[in-house]
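The values are calculated or read from the model by the stated rules, or taken from the named source; none is laboratory data. All figures in this text were calculated on a predicted structure; none of them were measured in a lab. Glycine gets a Cβ as well: all are built from the backbone with ideal geometry, and neighbour counts include every protein chain shown. We work out accessible area using only protein heavy atoms, side chains counted, and drop any ligands, DNA or RNA first. Shrake-Rupley method; radii C 1.70, N 1.55, O 1.52, S 1.80 Å.
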Amino acid sequence: MARGARSGTGGWGAGAGFLLVILAAAALGFLWSIVRNPAPQIRFDAPVLGLGSNTVLQFRVRDARHRLKSVGVEIRQNGRTFAVSSLSVSPAAPTAARGWSFGWRRPAEDWLVTARIARHALPELQPGRATLVVTATNDAWGRFFRGGRASVALDVPVRWTPPQVEVLTAQHYINQGGSEMVIFAVSPGTVQSGVEAGKYFFPSWPVQDSAPQTRLCLFAFPYDLDPSAPVRIVARDDAGNQTVTTFPYKLFPQRFHTSTLELTDPFLQRVVPPIMSQMAELDDQGSLLKDFLLINGHLRQVEAGQMAEFSKHTSPHFLWTQPFIQLGNTKVEAHFADDRTYLYRGQVVDHQTHLGFDLAGTAHMPAPAANDGQVVFAGFFGIYGNAVIIDHGCGLQTLYGHLSQITVKAGERVQRGQLIGHSGETGLAGGDHLHFTVLLDGVPVNPVEWWDPHWIRDRITAKLAAFGAERHGAAPRFAP
Ligand SMILES: [Zn+2]
């Protein structure tokens with residue numbers, strides 16, 4: 001008995017001590033849970049550059065542990081606070097981060113918040129600077145039961161007036177499928193400007209680094225636009241205000257050539273298997289003709305998208321000073337924007353537009369760089385076979401296709417006339433020739449203009465001489 005009692009007393013003492021530790025831990029845990037701040041996360045998908053006359057702000061609020069209680073947006077300026085009342089909160093979909101929830105653990109809450117800040121709703125907010133404050137609170141016990149709270153404050157400009165655009169060049173003559181240049185000045189705060197032709201946008205570049213508000217823009221009227229499509233200058237500022245300006249121009253619609261190509265079995269046998277074997281992403285369609293149609297249609301599209309990507313790796317300066325050169329002693333075998341009909345055993349099987357020039361001379365003839373620039377791509381490029389793309393700055397690039405051999409590497413500087421490879425029949429080529437395309441911001445344009453010294457003088461050199469003399473003829477430079 002005594003033994004048992006002693007043992008019981010000792011057990012009671014240990015139990016009480018244990019209980020005290022538990023209670024102390026619970027008390028500490030409770031205290032911690034009410035003083036800490038288990039805040040939700042606030043994240044902007046795009047940086048907020050400013051507030052304009054009609055700004056739509058979007059941000060995400062995510063909370064892994066707690067339920068979201070409130071979201072607020074306010075603007076502070078000169079000691080005054082303006083609440084933004086036009087808020088909409090919706091579940092951010094899809095909530096990939098939600099994952100599995102185990103027992104007590106609530107799935108993450110993920111919300112998309114859209115705030116509309118309109119000038120008419122905030123009549124007392126002045127142009128200048130302001131602080132945008134975004135807050136979010138949850139239902140946690142933290143901050144003495146007021147909930148976990150996150151807050152983001154951003155110092156931003158407030159602009160009510162859209163950018164001003166002043167067109168400086170007077171004459172603009174555009175051939176459908178061809179190029180042109182306009183020079184204009186934009187007001188401070190403009191972050192993006194360029195020429196919009198139908199669905200296409202061509203960005204502008206500073207004429208001189210020391211005066212970034214005077215802009216030059218090489219633009220095209222792409223071959224596939226309807227002649228009635230408008231050509232306009234568009235400028236946006238950091239507050240999201242936009243100006244659309246018309247400028248004088250004359251468009252000359254063109255009639256493009258049509259041609260018919262007969263697909264023969266020997267041709268398909270020669271060109272299709274090498275492309276299929278180098279393009280692992282293409283699935284065998286079961287016949288040479290079906291594989292050809294996949295290459296001629298789908299792969300052509302994919303590669304047009306890749307050319308748009310290459311155009312983003314352009315120098316902000318002209319890298320060239322002289323007209324572009326055409327390969328000497330060549331015969332032009334296909335024109336720009338030829339509408340091609342493909343026949344197989346007398347049946348029409350495909351239509352595509354040929355967006356370059358096919359130049360034929362002798363087999364494996366040397367291919368020169370059309371102008372000074374930097375190689376942005378050198379390698380196998382699907383329908384173009386072994387190809388080289390050279391950047392000449394401000395969105396202008398040239399492509400050389402079907403090469404038998406390439407003698408330059410990506411990243412290399414090249415001079416006008418420098419050997420870049422030899423012609424051949426790699427890719428979709430019916431015989432040894434050089435395929436030459438001029439690209440403006442990834443869009444194929446008529447090369448003939450760029451070969452013409454008079455056109456270069458009237459459209460480019462003379463305009464630059466008038467508005468940016470020191471730029472033209474300056475030593476080519478690269479941006480870092
Ligand atoms: Zn071609």
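Dipole size of the chain about its Cα centre, with +1 on Lys/Arg Cβ and -1 on Asp/Glu Cβ: approximately 3080 debye, rounded to the nearest 20.
Residues in the chain average 50 Å² of solvent-accessible surface per residue, probe 1.4 Å, ligands and nucleic acids excluded.
Taking loop as defined by DSSP and a crowding limit of 16 other beta carbons within 10 Å, which trypsin sites (Lys or Arg not before Pro) in segment 191-274 fit?
Those satisfying the criteria are Lys199, Arg255.
Distance between the modelled labels on Phe252 and Phe144, one decimal in nanometres: 8.0 nm (7 Å Cα→Cβ projection). Annotation: the antiparallel percentage among DSSP beta bridges lying fully within the chain is about 90. Against the chain, whose longest principal axis comes from its Cα atoms, helix 265-278 is set at around 30 degrees. Relative to the current alpha-carbon distance between Ile34 and Glu309, full extension at 0.36 nm per residue lengthens the span by 93.8 nm. Entry for the chain at q = 0.10, 0.12 Å⁻¹: log10 I(q)/I(0) = -0.91, -1.09, Debye formula applied to identical alpha-carbon scatterers, no solvent contribution.
Taken over segment 257-314, the convex hull of the Cα atoms encloses 115 Å³ per residue. A cut-off of 5 Å between modelled amide H atoms, ignoring neighbours fewer than 5 places along the same chain, links Val376 with Ile389, Ile390, Asp391, Gly411. Overall, the accessible surface of segment 258-445 at a probe of 1.4 angstrom is composed of carbon and sulfur to the extent of 50 percent.
Taking the DSSP beta bridges with both ends in segment 235-394, the antiparallel portion is around 75 percent. Working from Cα positions, state the angle (0 to 90°, nearest 10) between the long axis of helix 2-35 and the longest principal axis of the chain. Between the helix axis and the principal axis of the chain, the angle is about 50 degrees. A straight Cα-to-Cα reach below 19 Å connects Lys409 with the aspartates and glutamates Glu309, Asp372, Asp391, residues fewer than 8 places away in its own chain not being considered.
Between Val191 and Thr264, the modelled labels are 5.8 nm apart [label points 7 Å from Cα along Cα→Cβ]. The slack in the chain from Val302 to Ala229, taken as 0.36 nm per residue of separation less the alpha-carbon distance, amounts to 23.7 nm.
Only protein atoms count toward the accessible area here, which uses a 1.4 Å probe; on segment 30-90, the carbon and sulfur part of that area reaches 49 percent. For labels at Val89 and Lys409 in the simple 7 Å Cα→Cβ model, what's the distance in nm? Inter-label distance under the simple model: 5.6 nm. The Cα-based radius of gyration and maximum Cα-Cα distance (Dmax) for segment 165-254 are 12.9, 40 Å.
Taking all protein chains together and a 1.4 Å probe, the residues Phe310, Phe59 rank Phe310, Phe59 from largest to smallest accessible area. Partners of Lys463 within straight-line reach, counting lysines whose Cα lies under 21 Å from its Cα and excluding those fewer than 8 residues away in the same chain: Lys250. By accessible area, using a 1.4 Å probe on protein heavy atoms only, segment 135-236 has 51% of its surface on carbon and sulfur. A cut-off under 14 angstrom between Cβ atoms defines the neighbours of His351, and their net charge, with Lys, Arg +1 and Asp, Glu -1, is -2.
Counting pairs of Cα atoms in segment 320-447, how many percent are more than 20 Å apart? The answer is 40 percent, as a whole percent. With contributions of -39500 (n - 2.57) from each DSSP H run of at least four residues, the per-residue ellipticity at 222 nm computed over the chain stands at -5500 deg cm²/dmol. Ranking Trp32, Trp451, Trp111 from most to least accessible surface, computed with a 1.4 Å probe over the protein chains only, gives Trp32, Trp111, Trp451.
Backbone geometry of segment 56-68 corresponds, through the Karplus equation with coefficients 6.51, -1.76 and 1.60 at θ = phi - 60°, to 3J(HN,Hα) couplings of 10, 9, 10, 8, 10, 10, 10, 9, 7, 10, 10, 8, 6 Hz, x marking Gly and Pro.
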